[in-house]
Amino acid sequence: MKTVWSALLAKAERTLRDARLRLAEINRRRENALLQAEKVTALLLDYNQQLHEVQQRDHNATEVNNYRHFIVQLQELKSRSKYEQQRIDIEFQLARQVLISAERERMKVDHLATRAKEQLQREALSLETRSIDAQAIQQHNFRARIS
């Protein structure tokens with residue numbers, strides 16, 4: 001028998017599933033951002049090392065300026081990457097809070113649905129007991145009239 005509680009429980013479970021999917025998506029983006037930041041950091045270290053090597057040998061100013069310009073661009077990219085990571089971290093925390101809230105709501109509805117089901121079972125048992133008692137009284141009264 002479908003009750004309002006089963007419908008509410010299904011809705012709460014859908015909300016919970018959606019919150020989990022959202023959190024997983026944000027976590028995937030978070031991991032990608034971390035990987036990109038690591039790549040930029042590695043490039044920055046590599047180009048700093050190359051610049052240092054160029055400066056140790058005979059070089060022209062254009063070559064050094066090209067390295068410095070590219071390093072500045074990498075530093076800007078690293079800065080943007082850090083900002084993006086912070087934004088994703090905030091989004092991740094908010095999604096976690098939504099997930100926790102959805103899980104609490106699902107647990108609450110599940111508890112209320114269980115209580116309602118148990119109440120229905122108690123009422124059905126009570127009704128059945130009263131019915132059996134009423135039939136027993138009717139049979140007793142019927143036998144008493146016959147005798």
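Numbers at a glance
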| read-out | value |
| --- | --- |
| Loop trypsin sites (Lys or Arg not before Pro), segment 13-63, which have at most 10 other Cβ atoms in a 10 Å radius of their Cβ (DSSP) | ARG57 |
| FRET efficiency estimate (nearest 0.05) - Cβ-Cβ, ALA116 to GLN93, R0 41 angstrom | 0.75 |
| Euclidean distance between Cα centres, segment 84-147 to segment 1-78, Å | 48 Å |
| GLU123/ARG14 FRET efficiency (R0 35 Å; Cβ-Cβ; nearest 0.05) | 0.75 |
| Residue among GLN56, GLN121, GLN86 with the largest mean-square fluctuation in a Gaussian network model of the chain, springs linking Cα atoms under 10 Å | GLN56 |
| Net charge of neighbours whose Cβ lies under 12 Å from the Cβ of ALA24, counting Lys and Arg as +1 and Asp and Glu as -1 | +4 |
| Test item: Cα-centred dipole of segment 4-146, Lys/Arg +1 and Asp/Glu -1 on Cβ, debye | 900 debye |
| Extreme residue, positive dipole direction of the chain, given options ASN65, ALA144, PHE92 (C-beta unit charges) | ALA144 |
| Listed residues GLN50, LEU34, LEU8: farthest to the positive end of the dipole of segment 4-146 (Cβ charges) | LEU8 |
| Using θ = phi - 60° and Karplus 6.51 cos²θ - 1.76 cosθ + 1.60, couplings along segment 112-122 (whole Hz; Gly, Pro as x) | 5, 5, 5, 4, 5, 5, 5, 4, 4, 5, 5 |
| Of ILE88, ILE100, ILE137, the one that fluctuates the most in a GNM where the chain has Cα springs shorter than 10 Å | ILE137 |
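Each reported figure results from applying straightforward, stated rules to the coordinates on display, with no laboratory input. What you see is a predicted model, and the numbers here were worked out from it, not measured in a lab. All Cβ positions, glycine included, derive from the backbone under ideal geometry; neighbour counts span all protein chains shown.
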